[in-house]
1. Counting just the residues of region 125-168 that are among the β-branched types (Val, Ile, Thr) and within 16 Å of ligand 2 (Cβ to nearest atom), which one comes out surrounded by the fewest Cβ atoms within 10 Å (Cβ to Cβ)?
2. Can you name every residue in region 685-709 that is in contact with a helix residue (DSSP H, G or I) (Cβ under 7 Å, 6 or more places away or on another chain) and either within 14 Å of ligand 1 (Cβ to nearest atom) or part of a helix (DSSP H, G or I) (or both)?
3. Kindly list the number of the only condition in (1) under 30 Å from VAL55 (Cα atoms); (2) at pLDDT 95 or above; (3) away from ligand 2 (no atom under 16 Å from the Cβ) that fails for THR601.
4. Looking at LEU118, LEU110, which one is within 25 Å of the chain's Cα centre (by Cα), closer than 28 Å to LEU452 by Cα, within 16 Å of ligand 3 (Cβ to nearest atom) and surrounded by 24 or more Cβ atoms within 10 Å (Cβ to Cβ)?
5. Applying the selection to region 321-343, what residues are touching a Pro at 6+ places or on another chain (Cβ under 7 Å) and either farther than 25 Å from LYS205 by Cα or of a type in the set (S, T, N, Q) (or both)?
6. Where residues in region 669-697 are among the hydroxyl-bearing types (Ser, Thr, Tyr) and closer than 16 Å to GLU368 by Cβ, which of them is surrounded by the fewest Cβ atoms within 10 Å (Cβ to Cβ)?
7. Working only within region 584-613, note down all residues that are more than 13 Å from ligand 3 (Cβ to nearest atom) and charged (D, E, K, R).
Amino acid sequence: MSTEAAAGERTAYITCVLCEASCGLEVKVRDERITSIRGHGGDPLSRGHICPKGVALQDLHEDPDRLRRPVRREGDDWVEMDWDEAVELVAQRLVAVERAHGRNAIGVYLGNPNVHSLGAMTHGVNLVRTLGSRSTFSATSVDQLPHQLMAWALYGHQFLMPVPDIDRTDLLVLIGHNPMASNGSIWTVPDFPGRRRELASRGGKLVVIDPRRTETAKVADAHHFVRPGTDAWVLLALLREVLALGASPAAYVDGIAEVRRVVEPFTPEVAQAFSGMPAAAIRGLAADLHGAGAAAVHGRMGVSTQAHGVVCQWAIQCLNIVTGNLDRPGGTMFTSPAVDLVGHKLLGAGHLGVWRSRVRGLPEFGGELPVSVLAEEILTPGEGQIRALMTIAGNPVSSTPGGGRVDEALASLEFMVAIDIYVNESTRHADVILPPTGPLERDHYDLIFHTLAVRNTARWSPALFEKPEGARHDWEIARDLALAVIRARGEKPSLVEQGRFRLSPRLIVDGLLRVGPARMGVKKLGKRPGGVDLGPLVPVLPGRLATPEQRIDLATPVALEAVAELADHLDVGPLALRDGELLLIGRRHQRDNNSWLHNATRLTRGRARHQLLAHPDDLAARGIPDGSLVRVRSAAGEVTVECEASDDLMPGVVSLPHGYGQGKRPGVRMRHAVEVPGASINDLTDPTRTEQVSGNGVLNGVPVTVDPA
Ligand SMILES: Nc1nc2c(c(=O)[nH]1)N[C@H]1C(S)=C(S)[C@@H](COP(=O)(O)OP(=O)(O)OC[C@H]3O[C@@H](n4cnc5c(=O)[nH]c(N)nc54)[C@H](O)[C@@H]3O)O[C@H]1N2
Ligand SMILES: Nc1nc2c(c(=O)[nH]1)N[C@H]1C(S)=C(S)[C@@H](COP(=O)(O)OP(=O)(O)OC[C@H]3O[C@@H](n4cnc5c(=O)[nH]c(N)nc54)[C@H](O)[C@@H]3O)O[C@H]1N2
Ligand code: SF4
Ligand SMILES: [Mo]
């Protein structure tokens, strides 16, 4: 290596923001080009872990299709704009809609990458607050809404979600969760494969309940198939059996007697009839949960995005609580984060049903409406109809139920603005796109994921590259747009509003860190590669509860009423299937990332993985050759896609990954993405079927027919 090259070389330690694992990475840069990206072995949280997506951050950074300047749509073309001109235009158009039709006529959709961006967390939220519309939606309602709702109902705050203490548990039960592919969720557990191996070497067990023999099921000690959408019956039966063996809840827990009463009808035999999981297996798992040293049950996407997600999440919390596993090492525990969003009251505790959606009457939660109503709120005329839309890091056409209808709805809007880095399936409908800097060009601190992590740590991630000339950060866009909207309304921003927007994310985090347990600001923290280790999770209850009396009432009415409804219908199946119908579920792959990153060279190489997976018997029964094109139809739409036989699937179940089908929507401007085969699963999911209590999208257990194409 020449001295010149060595002089131009530097090493930086940053956080990967592509999934909840939040790995610490070591990046080498020479002459302002990345020469290597590796997992940082000295990182106290992620311990050197990295997955292929972390390496692909370089593709994202260098992608010529990533937007770097504001653009305006002119027919089928995009024309670059000056920032001030673009921001002014957007503010004028939004305020014109607001004047004519009121604030709720402006819809907002906040996509998943917002939680992975510090500036979106500190400033984007205030932009949404400035717009002041009740027509606000986010990825929460196609994801963890039942989980958050249960945290609110039981622990008093939607962000008080306990996580499995995997490093010390004896028994880990994962339901509808595939961390071998997803790297964990509502549970920041970087290096899940390594931690799972350590669990095994301690003699601990992993049990998986899933309609597919997933990558995680394959490394588990036991895997049980369950018919999609029927976990509620299994979980209630588990709870019943565990209670029959004897409960040992903490002193601050109320409502056990009511729980016993409501779960009584849910015998393992009833659960077996609904779910296909054998009654003996349910009894066996109940005995293991009751007898294990320390056990943790965690349910994710598979149990939240189904018809009875709230019942599932309630039963899971109850299982951990009645076995005495909540708040004990090896059970499920709360974090003690360096920046305590809950304790500092930086995020609202939550509220349910304070208003309802105009057309269908679904309840808001925490100020957001379920996104399953987005299309009808745009397409149904009348007072309060959504006429303009702002998406921030979101792709509802691809990511939300009934994507075809959402597509149609976006095309009908009077005005649409997207804060986004790509022309994707949704933003192709925008009039203006405002692109923020990419993940390697901005500072980061994980406000959310430190709060859900398996270990208490704090890591400051500085921007790897300086902001390019003429670029704006997401927080600057939020600031500029909010202030322009206030001016366009003919108002002056108050001092409070100005203060809220002018402080940089770095300064905000700096102040918060100094008063927290890390006891240091950003500068000092930034000098420590991997940040500081604040140790393993520690018991914090009842002090950390946000309920009025600092007690947990298991007999919360939102859950008990939902369970009672199920008990009233024990004679009918959860879903009457017509002859020949199969149940569709989703899946994730280690090298896919929701609806995007199909433009990364590194991630799109290799074996195709867009196929509809089906059990060989189900294909044979329909005379469908393995690998051929099939037509998949649901109540909401149809797609054509290749199939692949796989006996990893429970018979009667088929699976499509989500986030595919770019090539089928003209105008998407992502070279690689449009060449990737496949179809969008959300052209099949049905927005009229929503979760019983919360209105969350039902993305799993969708009845479909499959025929040769
Ligand atoms: N059927 C089915 N549907 C699902 C799911 C499923 O399992 N099955 N999963 C659901 C889940 S869990 C989620 S979270 C949602 C996710 O769906 P969305 O909320 O739509 O989010 P993403 O697909 O992650 O990203 C949307 C867009 O954000 C843009 N983007 C990326 N980074 C940034 C950034 O830093 N700033 C800005 N402004 N934009 C950025 C990209 O252009 C990308 O197209 O999908 C849900 N939809
Ligand atoms: N590589 C990769 N990692 C990711 C993402 C990604 O797109 N790619 N997305 C990130 C995001 S936004 C999220 S929210 C997380 C999600 O992380 P996970 O919760 O692990 O999400 P999925 O992989 O969709 O796993 C859901 C599981 O539920 C199963 N399932 C479906 N229906 C049912 C059912 O009715 N009952 C039961 N018991 N199981 C069912 C599916 O077979 C699947 O194995 O992953 C994050 N990490
Ligand atoms: S596991 Fe998640 S955080 Fe870690 S490198 Fe992969 S995408 Fe990034
Ligand atoms: Mo998600």
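The values are calculated or read from the model by the stated rules, or taken from the named source; none is laboratory data. Values in this document were obtained by computation on a predicted structure and should not be read as measured data. Counting neighbours? That spans all protein chains shown, and the Cβs are built from the backbone with ideal geometry, glycine included.
1. Once the filter is applied, the top-ranked residue is VAL163.
2. PRO687, THR690, GLU691, ASN696, GLY697, LEU699, ASN700
3. The number of the failed condition is (2).
4. Checking each option against the conditions leaves just LEU118.
5. Of everything in region 321-343, those that are touching a Pro at 6+ places or on another chain (Cβ under 7 Å) and either farther than 25 Å from LYS205 by Cα or of a type in the set (S, T, N, Q) (or both) turn out to be THR332, SER336, ALA338.
6. Ranking the qualifying residues of region 669-697, first place goes to THR690.
7. ARG587, ARG605, ARG607, ARG609, listed by residue number.
For (1) within 16 Å of ligand 4 (Cβ to nearest atom); (2) closer than 25 Å to LEU656 by Cα; (3) crowded, with 21+ Cβ neighbours inside 10 Å, each residue gets a yes or a no:
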site: VAL189; (1), (2), (3): yes, no, yes
site: GLY194; (1), (2), (3): no, no, no
site: ILE209; (1), (2), (3): no, yes, yes
site: LYS218; (1), (2), (3): no, yes, no
